[in-house]
Amino acid sequence: MKKINIKYIALVICLSVFTTNCNDFIEETPESVFSVGEFYSNAQEAKFALAGIYSRFAGGSMYGRDYLTRLSTGADEIYYNQRFNSNWTISTLTHTEADSRVHNFWLNMYRGINLANLFEANLKQSAFSEIQANQFLAESRFLRAFAYFHLVSWFEEVPLRLEPTNTFEDNHVAPASLEQVYEQIISDFKFAAQHLPHLTDTNYELGRAHKMSAEGLLARVYLKMAGYPLKDTSKYQLAKDQCEIVMNDGNHGLTTGGNDPLGDNGYRNHFLSYIQNRFDTRESLFEIVFSSLREEDFVEVGGRVGVDHGPSHKTLGGVDLSPFAFMSITPMLIDLYDDNDLRKAWNIPEFYFVRRSGSSAGNIRKPNVLTVSNNPGKFRRWEPANYADLNVNPSASDPDEEIVYLETAEPDRNISSINYPILRYSDILLMYAEADLEINGTPTAEAIAALNQVRNRAGLINIQDANPTIVSNKQFFFNELVDERSRELCFESLRKMDLIRWELFDDKISELVDVVRGHPEYNDNPASSGNDLHESFIKAGKNFIPGKHLSLPYPLQETLINDELNQKPNW
């Protein structure tokens with residue numbers, strides 16, 4: 001397990017406690033062993049403060065849970081699999097302006113932004129060399145840009161706060177234009193790219209942002225700007241330029257391996273690095289780092305990656321726990337994979353654990369497609385030791401064996417130490433291919449080669465050999481990129497935003513309604529529980545309202561305390 005300084009974790013928890021909403025901030029005086037004036041006067045203190053900003057992205061309303069399950073789901077890859085959806089409203093498009101998850105997401109990002117603004121205002125730059133001071137500022141601005149990019153992607157126009165919030169009057173800030181918010185995001189990421197250490201620098205610390213993290217995320221920003229709602233197509237060239245910076249750096253590429261779908265292959269090997277707490281810095285440009293740190297009793301910093309959206313299980317590792325498996329894979333994603341695609345067996349595992357009544361023993365079975373047990377496998381915490389045992393009933397004294405991919409001897413039913421990818425090299429290649437296609441209006445040799453790198457790692461032949469028609473015109477190639485991004489990047493919290501920027505969200509979730517209802521396993525008996533379950537899978541497609549559900553509403557609490565923030569039309 002990766003080790004993190006115990007004081008680092010302690011400060012994360014401290015900052016998470018006293019960094020609350022604006023009213024709390026101005027009415028209470030935070031207590032700490034450091035005074036604000038002294039807090040950022042040496043390297044250790046500066047790193048402690050930056051840890052507090054990182055913690056905003058590792059909390060329960062972000063990549064610790066809600067962002068990767070509630071906010072980013074409900075498109076054409078994954079859906080909530082329970083009949084009662086009152087706690088998963090965003091993924092089913094039943095949320096309102098008073099939704100607590102909408103507010104928590106907004107509040108958490110602005111807490112991170114305020115911490116970044118406080119850091120910049122209170123960093124004692126004279127105590128450091130110019131290079132070191134700029135490196136600290138670059139890390140803070142990287143995280144501020146990352147927070148604002150989340151906000152502008154999901155809410156569109158948002159208040160732009162670049163100074164610490166100190167008084168009640170500071171609440172009253174009108175939303176800035178999309179152009180203004182993106183201008184600040186770009187400025188912060190560019191500063192970060194200029195001053196953050198390179199991955200190969202001796203002072204770079206694993207798990208933190210680095211130069212290529214900023215360069216790569218700028219490509220994602222430009223692609224979003226080129227699509228809905230801004231539609232500034234001039235940004236395709238800038239997105240391509242950013243991808244080329246990473247591609248030409250020479251320190252990043254795709255993780256390699258063999259051609260065994262259930263064993264050694266590059267895709268599987270890469271995701272095992274997140275699960276087993278190893279930094280695969282060649283492919284992973286930026287990830288959210290979690291650690292249970294049980295030996296130091298800091299379980300509070302753990303996330304839930306692989307818990308809510310992992311293969312269902314009971315008594316994992318001898319402990320009575322289960323990935324709750326609230327998320328199931330859509331038949332649309334399953335149909336995208338060729339049977340010889342090495343990614344299929346990893347992302348779509350087709351196994352779950354069945355517990356015998358009154359016993360911890362059981363067997364591992366293969367689920368149907370339209371069932372709550374058809375769970376994602378990308379961030380699995382376990383898998384069968386022998387896939388040949390699926391659906392074979394073992395004896396009570398000889399239950400099916402399993403492999404548990406967690407280093408801790410006592411897994412926790414609620415907390416996982418699995419890291420979560422934010423930007424991978426395969427995404428760089430696919431963004432490059434998309435930007436190049438839009439610039440040239442036809443698939444070029446360079447765009448085709450970028451796509452083929454991703455395909456070849458998955459054990460697939462070059463696209464021009466597999467289907468020459470796909471490389472014959474822009475639309476066919478674009479459609480292939482839409483599908484390839486899902487095959488490669490599924491369950492990484494990117495799909496919904498991709499579909500929205502392409503203006504395909506409505507089409508895809510409407511298609512999912514038809515696919516589920518037309519599936520051979522669909523139960524068309526309205527009086528049966530099966531029909532109720534299957535209909536719950538497609539709530540997003542049935543609830544979608546054009547002009548409303550392409551962004552989130554401003555949280556009700558924020559419109560009440562900010563006189564300059566008026567609710568959006570349709571909300």
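Going by the conditions given, is residue 473 open to solvent by 30 Å² or more (accessible area, probe 1.4 Å) and either farther than 27 Å from residue 232 by Cβ or among the hydrophobic types (A, V, I, L, M, F, W, C) (or both)? No, not satisfied.
State whether the residues of the stretch 495-516 include one that is basic (Lys, Arg), farther than 29 Å from residue 66 by Cβ and open to solvent by less than 30 Å² (accessible area, probe 1.4 Å). Looking through the stretch 495-516, none of the residues is basic (Lys, Arg), farther than 29 Å from residue 66 by Cβ and open to solvent by less than 30 Å² (accessible area, probe 1.4 Å). Where helices (runs of 4 or more DSSP H) sit wholly within the stretch 504-568, those with at least 2 residues that are under 26 Å from residue 154 (Cα atoms) and hydrophobic (A, V, I, L, M, F, W, C) occupy 505-517, 556-561. Take the conditions (1) farther than 28 Å from residue 134 by Cα; (2) surrounded by fewer than 17 Cβ atoms within 10 Å (Cβ to Cβ); residue 194 misses just one of them, which is (1). Being charged (D, E, K, R), in contact with an Asp or Glu (Cβ under 6 Å, 6 or more places away or on another chain), in a helix (DSSP H, G or I) and open to solvent by 30 Å² or more (accessible area, probe 1.4 Å) holds for only one residue in 111, 141, and it is 141. Restricting attention to the stretch 223-241 and to residues that are free of Cβ contacts under 8 Å to residues at least 60 places away in the same chain and either of a type outside the set (Gly, Ala, Ser) or in contact with a Leu (Cβ under 7 Å, 6 or more places away or on another chain) (or both), the residue that is surrounded by the fewest Cβ atoms within 10 Å (Cβ to Cβ) turns out to be 231. Can you tell me which residue within the stretch 384-414, out of those that are acidic (Asp, Glu) and modelled with pLDDT under 70, is most open to solvent (accessible area, probe 1.4 Å)? Looking at residues that are acidic (Asp, Glu) and modelled with pLDDT under 70, I get 410. Annotation note: of 173, 181, 152, the sole residue that is modelled with pLDDT of 95 or more and not in a helix (DSSP H, G or I) is 173. Set side by side, the residues 263, 207 differ, and just one is out of contact with any helix residue (DSSP H, G or I) (no Cβ under 8 Å at 6 or more places or on another chain), part of a loop (DSSP other than H, G, I, E, B) and surrounded by 15 or more Cβ atoms within 10 Å (Cβ to Cβ), which is 207.
The values are calculated or read from the model by the stated rules, or taken from the named source; none is laboratory data. As the structure is a prediction and not an experimental result, all values here were calculated from the model. Note that we place each Cβ from the backbone using ideal geometry, even for glycine, and neighbour counts take in every protein chain shown. Quick note on the areas: whole protein, heavy atoms, side chains included, nothing else; ligands and nucleic acids left out. Shrake-Rupley method; radii C 1.70, N 1.55, O 1.52, S 1.80 Å.
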